[in-house]
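Chemist: Here it is: the structure, laid out below.
The values are calculated or read from the model by the stated rules, or taken from the named source; none is laboratory data. If you're wondering where the values come from, they're calculated on a predicted model, not measured in any experiment. Backbone-built Cβ (ideal geometry, glycine too); neighbour counts: all protein chains shown.
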Amino acid sequence: MGMKDQFQEKSEQFQQQAKQRAQQGKEQLQNRGRRRDEDMDNPQRRRESEERFDQDYDA
């Protein structure tokens, strides 16, 4: 296998990894947004979320 082939194969691997990371990032953002919506629908969770927020800023 020549140098050019090795370089092209590595390049394709990096592109595939980048696509996978981008997809994972999108999914995490969607899940984070969905979880936040659920927290606001559930009063107990909203209170816990607010308490965690307050604790973060008390330090």
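Chemist: Exactly one condition in (1) at pLDDT 65 or above; (2) exposed (fewer than 10 other Cβ atoms within 10 Å of the Cβ); (3) hydrophobic (A, V, I, L, M, F, W, C) is false for residue 18; which is it?
Modeler: (2)
Chemist: Would you confirm, using the coordinates I've provided, whether residue 35 is modelled with pLDDT under 70 and not polar (S, T, N, Q)? Spell out how you get there, then give the answer.
Modeler: Details: modelled with pLDDT under 70: yes; not polar (S, T, N, Q): yes.
So residue 35 passes the test.
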